[in-house]
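Encoded as structure tokens, the structure appears first; notes follow it.
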Amino acid sequence: MPGKHRKPRRRPEHRSAKAAIATAVGVVLGAAGLDVATATDAPPRTADAARVGPAHPVRDAPVGALAGDDPAAQDPSEYVRQVVRLVNAERVGHGCAPVRWNAVLQRAAQRHSDDMATRHFFDHTNPDGSDPGERITRAGYAWSAYGENISVGRATPSAVMNAWMDSPGHRRNILQCDLADIGVGIRFGTGGPWWTQDLAAQVDGHPGR
């Protein structure tokens with residue numbers, strides 16, 4: 001799955017303590033606004049927006065999933081639960097604590113998946129110029145760090161997770177131990193589904209729920 005990732009982004013004032021944690025798991029982070037790196041992989045399209053720089057989309061022929069093809073298209077909540085379970089299986093296997101599903105991050109992720117499908121774009125930054133940090137903040141989550149993975153054309157939770165875990169940038173976001181909360185947006189439709197996975201850590205004292 002082509003990949004798009006932006007490395008984890010942090011608010012500068014919250015960087016020191018969490019940077020130590022990040023270093024312990026072998027992740028190199030930059031201050032907010034730095035373009036640290038991007039990652040690409042193979043078809044269909046995936047992108048991970050980690051917390052630091054712009055992501056670059058990679059184009060290919062998406063698999064596609066129609067709304068009537070799967071019961072989850074009518075109620076994607078089970079797909080959301082499956083992705084969270086798969087994320088936690090990977091994290092526990094690599095020494096990280098499980099992430100917690102967060103309603104505010106869920107709202108941010110779902111809005112982005114809906115927006116990509118409706119306005120026909122594939123990027124971490126929407127046509128209005130809002131990046132993941134701005135979108136997560138607007139949803140009501142006070143973040144100290146975040147990571148975002150996106151994908152289009154993978155029909156199942158296992159397919160999208162396998163693609164993300166096969167890409168260094170996406171994998172880094174999923175295995176970033178200090179990102180404690182998660183939301184997963186999925187929008188079905190011709191040419192999709194569109195996936196957004198937002199992982200984040202809260203500013204101390206702001207529950208963001």
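The values are calculated or read from the model by the stated rules, or taken from the named source; none is laboratory data. Quick caveat, the model's predicted, so the values are computed rather than measured. With ideal geometry, Cβ positions are generated from the backbone for all residues, glycine too; neighbour counts draw on all protein chains shown. Keep in mind that these areas ignore ligands, DNA and RNA; they rest on the heavy atoms of the full protein, side chains included. Shrake-Rupley method; radii C 1.70, N 1.55, O 1.52, S 1.80 Å.
When the stretch 162-198 is filtered for residues that are under 18 Å from Val104 (Cβ atoms) and small (Gly, Ala, Ser), the ones remaining, listed by number, are Ala180, Gly183, Gly185.
Rundown of residues vs (1) farther than 18 Å from Val87 by Cβ; (2) open to solvent by less than 30 Å² (accessible area, probe 1.4 Å); (3) of a type in the set (S, T, N, Q), yes/no style:
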{"site": "Arg138", "(1), (2), (3)": "yes, no, no"}
{"site": "Tyr146", "(1), (2), (3)": "no, yes, no"}
{"site": "Ala163", "(1), (2), (3)": "no, yes, no"}
{"site": "Ser167", "(1), (2), (3)": "no, yes, yes"}
{"site": "Leu179", "(1), (2), (3)": "no, yes, no"}
{"site": "Trp195", "(1), (2), (3)": "no, yes, no"}
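Residues in the stretch 197-209 that are open to solvent by less than 20 Å² (accessible area, probe 1.4 Å) and modelled with pLDDT under 95: Gly208 only. When every residue of the stretch 105-113 is checked against the conditions, none turns out to be surrounded by fewer than 21 Cβ atoms within 10 Å (Cβ to Cβ) and within 20 Å of Gly169 (Cα to Cα).
Residues of the stretch 73-87 that are under 12 Å from Ile182 (Cβ atoms) and surrounded by fewer than 18 Cβ atoms within 10 Å (Cβ to Cβ): Arg81, Arg85. Residues that are in a strand (DSSP E or B), out of contact with any strand residue (DSSP E or B) (no Cβ under 7 Å at 6 or more places or on another chain) and of a type outside the set (Asp, Glu) occur at least once in the stretch 182-189.
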